[in-house]
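One structure below.
The values are calculated or read from the model by the stated rules, or taken from the named source; none is laboratory data. Everything quoted here is computed from the prediction, not taken from an experiment. Cβ: placed from backbone, ideal geometry, glycine included. Neighbour counts: every protein chain shown.
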Amino acid sequence: MTKTERLTPREGPDDETLYVARDEAESGSKAPFFAAFVDPERERRWGYFCGNCQTFTHAMDSMGRLRCDDCENFKRPDEWDAAHE
Ligand SMILES: [Zn+2]
């Protein structure tokens with residue numbers, strides 16, 4: 001299994017192709033946030049893909065909280081740690 005096999009190409013917000021890593025997810029309040037990359041080799045990180053409303057986002061505030069621009073899905077770092085101990 002190569003690391004490109006779990007990537008799903010999708011059209012990004014600027015009409016470029018972005019790659020959604022189905023095996024790199026962070027748990028959100030409504031649905032997972034998947035890691036999104038510019039290239040299929042995962043060398044250039046773009047941001048996240050919201051699994052709830054199926055849109056790309058790279059909104060992360062100064063507290064490290066991740067929040068989707070288009071729905072109420074969000075993630076807090078402390079919740080992530082506690083849920084995966
Ligand atoms: Zn969303």
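Among the residues of region 21-37, those identified as of a type in the set (A, V, I, L, M) and either within 12 Å of Arg10 (Cβ to Cβ) or not in a loop (DSSP other than H, G, I, E, B) (or both) are Ala21, Ala25, Ala35, Ala36.
Counting the residues of region 56-67 that are out of contact with any helix residue (DSSP H, G or I) (no Cβ under 6 Å at 6 or more places or on another chain) and either within 15 Å of Gly12 (Cβ to Cβ) or small (Gly, Ala, Ser) (or both) gives 5. One residue stands out among those in region 65-82 that are surrounded by 14 or more Cβ atoms within 10 Å (Cβ to Cβ) and farther than 25 Å from Glu16 by Cα: the one that is modelled with the highest pLDDT, which is Lys75. Among residues belonging to region 31-64 that are at positive phi and more than 16 Å from the ligand (Cβ to nearest atom), point out the one that is surrounded by the most Cβ atoms within 10 Å (Cβ to Cβ). Looking at residues that are at positive phi and more than 16 Å from the ligand (Cβ to nearest atom), I get Arg42.
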